[in-house]
Amino acid sequence: MDLKEDPEWNPFWLVIADINDDPVVVVTDKEGSPVMASYETGALFPIANSFSDFLDYLSITLELIQGKYNGEIIDDESCELLEGFIEDLNEMLSKINKNDELVENFIDYLYG
């Protein structure tokens, strides 16, 4: 099988994760290495100003899930996120990043 490079793929994009084939990409040639995400084959959109911020967001998310929600954020009966979780996460992330768009994009990407 012959593999061909995608001419539209930037060699400075490093895929670090994906959720249901939707990638999380670190842009390694930009200051701070911003983190972007994409749905299916759509355009990349920003979810963190830097890789460091992205790791902070993940850490805060996990601390909230384990601390306040005892590791359970899905309602057993409805299979929906527990009421208040998104609001709590938004509030906590907004304390470290005043860019509402990035916070909303990060939360939407993970829990949208």
Top mean-square fluctuation among D22, D75, D88, Gaussian network model of the chain, C-alpha springs under 10 Å? D75
Taking loop as defined by DSSP and a crowding limit of 12 other beta carbons within 10 Å, which trypsin sites (Lys or Arg not before Pro) in segment 25-112 fit? K30, K98
Per the helix-only calculation at 222 nm, which mean residue ellipticity applies to the chain, given -39500 (n - 2.57) for every DSSP H run of n ≥ 4 and division by its residues, nearest 500 deg cm²/dmol? -11500 deg cm²/dmol
Debye, to nearest 20: dipole size of the chain, +1 on Lys, Arg Cβ, -1 on Asp, Glu Cβ: 520
Pull out the extension gain between D2 and D22, defined as 0.36 nm times the separation in residues minus the alpha carbon to alpha carbon distance; nm, one decimal. 4.8 nm
DSSP loop chymotrypsin sites (Phe, Trp or Tyr not before Pro) in segment 1-77 with at most 16 other Cβ atoms within 10 Å of their Cβ, which ones? W9, F12, Y39, Y69
Counting every Cα pair in segment 62-112, what percent are over 12 Å apart? 65
Carbon and sulfur together cover what percent of the accessible area of segment 13-112 at a 1.4 Å probe radius? 49
Normalised per residue, the volume inside the convex hull of the alpha-carbon atoms of the chain in Å³ amounts to 130
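Across the chain, where is the longest run that never hits GluC sites (Glu not before Pro) in a DSSP loop with at most 12 other C-beta atoms within 10 Å?
Here the longest run is 41-71.
The values are calculated or read from the model by the stated rules, or taken from the named source; none is laboratory data. The structure displayed is predicted, hence computed values, not measured ones. So basically every Cβ, Gly included, is an ideal-geometry build from the backbone, and we count neighbours across all protein chains shown. Only protein heavy atoms, including side chains, enter the accessible area calculation; ligands, DNA and RNA are left aside. Shrake-Rupley method; radii C 1.70, N 1.55, O 1.52, S 1.80 Å.
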